[in-house]
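Presented below is the structure to which this report refers.
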Amino acid sequence: MRTASLALALALALQSAYSFSFPAVHSQRVCGVTGASSLPSFRCNAVGSSKTFLKSSKNWEFDHQASLTPKYWGDLARKNLDWFKDFSITTSGGFESGDVKWFEDGQLNACYNALDRHILAGKGDKVAIIYEADEAGDVTEMTYKQTLDRVSQIANMMKSEGVKKGDVVTVYMPMTPDVILTMLACARIGAVHSVVFAGFSEDAIADRIAAANSKFVFTTNVGLRGGKTIKLKQTVDNAIAKDRAKAIVEKVFLFKRTEEEVNFVEGRDIWADELLAKQSTTCEAEVMDAEDPLFILYTSGSTGSPKGILHTTGGYSLYAMHTTKTSFDLRDDDIYACVADAGWITGHTYICYGPLLNGATTTVFESTPLYPDEGRYWDMVERLKINVFYTAPTAIRSLMRFGDESPKKYDLSSLRVLGSVGEPINPAAWDWYHNVIGGGKATVVDTYWQTETGGHVACNLPGIHVAKAGSCRGGTYGIDMGILDAQTGEEQVGNDVDGVLVIKKPWPGMARTVLGDHERFMTTYLKPYPGNYFAGDGARRDEDGYIWVTGRTDDVINSSGHRIGSAEVESALVATDEVAQAAVVGFPHDIKGEGIACYVTLNNGVEMSDDMKKSLKMAVRSSIGPFATPDMIINAPALPMTRSGKIMRRILRKIAGGENEFGDTSTLADPSCVPVLVENARN
Ligand code: ATP
Ligand code: MG
């Protein structure tokens, strides 16, 4: 489907290709990838004219082919990780049987690899963590040595209170370094962390405690976010008061973020700061089998009830490390900032494990993009001289609404790589990110992946691929990505095809199971298209071989026989001057089969009216074609978002279809927008 919005995307892509012909921000660094001995040496070729890009592109294909072998991962694992015991089997099992394993007879420890290994290599005084607290400019740095000391103390404290290898530890903490250190301390002693995003309700915590039979909980008296105090301990107390959690929880480790007093249950609660201060700063790292669980983490719940995804030690660590290095072209002296929350997979892989396994400097950001004002990210970029910045399109769009003045106040010239994650980035947001934030020079890397994939599975690699705005390009190292016909399962080879997105070969970072429900793992991911991992997303491969994620397969709208990707209609709407955010869904329609309902959040100061509705319908019609003309434009002052910032389209479908029952809404950030949308959909 050729469309004006894609034409815009291509125009932007050309712009981006063009930017390669100028010296990059840090031109002296363009060719060097410090310490990246595992990376191909041809990457420098990509920086220059489009001619050299084509050359590197051929090299990329060669290199990518080589990465689709177990040998590639075996070599990398031996080179970049320290093993207590080498492995003899690189990989075994498969998609059909649902028993994929990597490095199964090898032994290692993820925390040892993230901290000790770098200290032993002489990097003990390097800054591991920069903590940007809630108040702008309240910054603390921790070296690798200081980080290991505190991690060891937390680990020793856990052991002294009876936490053992294999126990599941629930972590409900704010974004201070302690959440990262607690995860690492769990890894150090072989406990399995289950981090619950600190915005979740007591019910969500109780469910996760019960599902994992988690006897230990880590929390903080309160959290601080955007100047507000969040009563975390109280929520934990309420969660544990519920029958399903009460009988399970034995100990609650309690950190202090402020001096605020909270309820303290004698015999169960432990003041963590006091107890760990008494602990030794030495704690031997537990010897773990490569396939021992590292953590449990729930998906966002966008499409149904959240799935408790299990990741294991060896494969996940290697994959987190390698994708952080390659997707962001991470360099040894980079200041790296991923502003996600530790409670999501992005926080696990790209704040904690990925950067630290690479010996990099990672930032822990406690605040919000709007505190004290909409310039917070850019102020932080200027102060900390951030080189690699990673956020989500939803954040970019919400900041775009305020215009260009705010970012223009700050010196953003340190930025070299700008990552995007969570949903397709629409061309208008891509353009703003690239030009206004990245000064037209920083590379926008669109990273496509899932909680289940452990790390990026598709992206444009900086210095190797030319970016196209809105496309995640294709499979990264080790990822054999394919597009299948949704009905027949037949592979759609060649370009200019669409269908469902699959991965054709196991990769080290893939989830091994859904907690307590291996059958759900099989039926969701491995059985729909036997021999493939099914991502649940639809995709199109364009004439250049670039992959465009068109949305969840459930989100493809079939209107009068046309298959219309929700992402495409959303892009057309957001490209207008009036729309800040859009969510498009299908709903049952007597004549067309499915009608197109567009929920739009208008820019500040723009009012919804009948004329506005008409003009937005026209914008989609002229951008995509008459067959995509929306049936409904619904004013959406706010959209139902999951707490990880994704639009819960299944609710929007139900509203547009006139239903009143909305299913599992436990991961919804703010349910109060739902009745407003129900009302607006009727008008
Ligand atoms: P659930 O699986 O519970 O419905 P979820 O899929 O939203 O929730 P996540 O693992 O947080 O849970 O999100 C992964 C999904 O996010 C992907 O399957 C895809 O639909 C979307 N996604 C992530 N990154 C991108 C991207 N760069 N481009 C397009 N889509 C993306
Ligand atoms: Mg999903």
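Points to keep in mind about this one:
- Residue within the range 650-662 that is surrounded by fewer than 23 Cβ atoms within 10 Å (Cβ to Cβ) and touching an Asp or Glu at 6+ places or on another chain (Cβ under 8 Å) present: yes
- In the set 256, 251, 325, 278, only one residue is over 16 Å from the mean Cα position of the chain (by Cα), over 19 Å from residue 172 (Cβ atoms) and of a type outside the set (A, V, I, L, M); that residue is 278.
- Failed item, numbered, when residue 95 is tested on (1) surrounded by 19 or more Cβ atoms within 10 Å (Cβ to Cβ); (2) more than 30 Å from residue 531 (Cα to Cα): (2)
- Taking each residue of the range 599-625 that is surrounded by fewer than 15 Cβ atoms within 10 Å (Cβ to Cβ) and looking for partners that are assigned to a loop (DSSP other than H, G, I, E, B) with beta-carbon atoms closer than 9 Å, six or more apart or interchain, yields 604/401; 604/402; 615/576; 615/578; 618/629.
- Selection of the range 455-480 for residues being part of a loop (DSSP other than H, G, I, E, B) and small (Gly, Ala, Ser) yields 455, 463, 467, 469, 470, 471, 474, 478.
- Tabulated pairs, the range 194-218, first in contact (Cβ under 8 Å) with a residue 60 or more places away in the chain and outside any helix (DSSP H, G or I), second surrounded by 23 or more Cβ atoms within 10 Å (Cβ to Cβ) and of a type in the set (Phe, Trp, Tyr), C-beta under 8 angstrom, 6+ apart or interchain: 194/295; 195/172; 195/295; 196/172; 196/298; 197/344; 198/172; 200/172
- Residues of the range 117-143 that are assigned to a strand (DSSP E or B) and acidic (Asp, Glu): 132, 141.
- Here is the figure for the range 369-394: residues that are closer than 15 Å to residue 338 by Cβ, in contact (Cβ under 8 Å) with a residue 40 or more places away in the chain and either in a loop (DSSP other than H, G, I, E, B) or of a type in the set (A, V, I, L, M, F, W, C) (or both) total 8.
- The range 298-313, residues that are in contact with a Phe, Trp or Tyr (Cβ under 8 Å, 6 or more places away or on another chain) and either small (Gly, Ala, Ser) or near ligand 1 (Cβ under 9 Å from one of its atoms) (or both): 300, 306, 307, 308, 309
- Some residue of the range 367-381 being among the aromatic types (Phe, Trp, Tyr) and surrounded by fewer than 23 Cβ atoms within 10 Å (Cβ to Cβ): yes
- All positions within the range 497-538 that are farther than 27 Å from residue 557 by Cβ, within 12 Å of ligand 1 (Cβ to nearest atom) and in a strand (DSSP E or B): 514
- Flag for residue 644 being more than 25 Å from residue 301 (Cα to Cα), under 32 Å from the mean Cα position of the chain (by Cα) and either outside any loop (DSSP other than H, G, I, E, B) or in contact (Cβ under 8 Å) with a residue 12 or more places away in the chain (or both): no
- Residue check for residue 397: in a loop (DSSP other than H, G, I, E, B) and among the basic types (Lys, Arg): no
- Checklist (1) crowded, with 19+ Cβ neighbours inside 10 Å; (2) within 16 Å of ligand 1 (Cβ to nearest atom); (3) not in a loop (DSSP other than H, G, I, E, B) applied to residue 239, failing item: (2)
- Scanning the range 417-469 for residues that are of a type in the set (Val, Ile, Thr) and either away from ligand 1 (no atom under 15 Å from the Cβ) or on the phi > 0 side of the Ramachandran plot (or both) yields a count of 4.
- For first residues located in the range 245-262 and hydroxyl-bearing (Ser, Thr, Tyr), partners that are surrounded by 18 or more Cβ atoms within 10 Å (Cβ to Cβ) and modelled with pLDDT of 95 or more and lie 6+ apart or on another chain with Cβ distances below 8 Å form the pairs 258/221; 258/222; 258/224.
- Annotation for the range 154-171: no member residue is over 26 Å from residue 297 (Cβ atoms), touching a helix residue (DSSP H, G or I) at 6+ places or on another chain (Cβ under 9 Å), touching a residue at least 24 places away in the same chain (Cβ under 8 Å) and not hydroxyl-bearing (Ser, Thr, Tyr).
- Count of residues meeting criterion [surrounded by 18 or more Cβ atoms within 10 Å (Cβ to Cβ) and of a type in the set (Gly, Ala, Ser)] in the range 514-535: 1
- The range 105-116 residues that are over 15 Å from residue 129 (Cα atoms) and assigned to a helix (DSSP H, G or I), paired with ones that are modelled with pLDDT of 95 or more and of a type in the set (Val, Ile, Thr) (beta carbon under 8 Å, 6 or more apart): 110/313
- Identity of the residue in the range 414-461, hydroxyl-bearing (Ser, Thr, Tyr) and touching a helix residue (DSSP H, G or I) at 6+ places or on another chain (Cβ under 8 Å), that ends up farthest from residue 573 (Cα to Cα): 414
- Contact map, the range 429-454: residues that are part of a loop (DSSP other than H, G, I, E, B) paired with residues that are within 16 Å of ligand 2 (Cβ to nearest atom) and hydroxyl-bearing (Ser, Thr, Tyr), Cβ distance under 7 Å, separation 6+ or inter-chain. Pairs shown: 454/349.
The values are calculated or read from the model by the stated rules, or taken from the named source; none is laboratory data. Everything numeric here is computed off the predicted structure, so don't read it as measured data. A quick note on method: Cβ atoms are made from the backbone with ideal geometry, for glycine too, and the neighbour counts reach across all protein chains shown.
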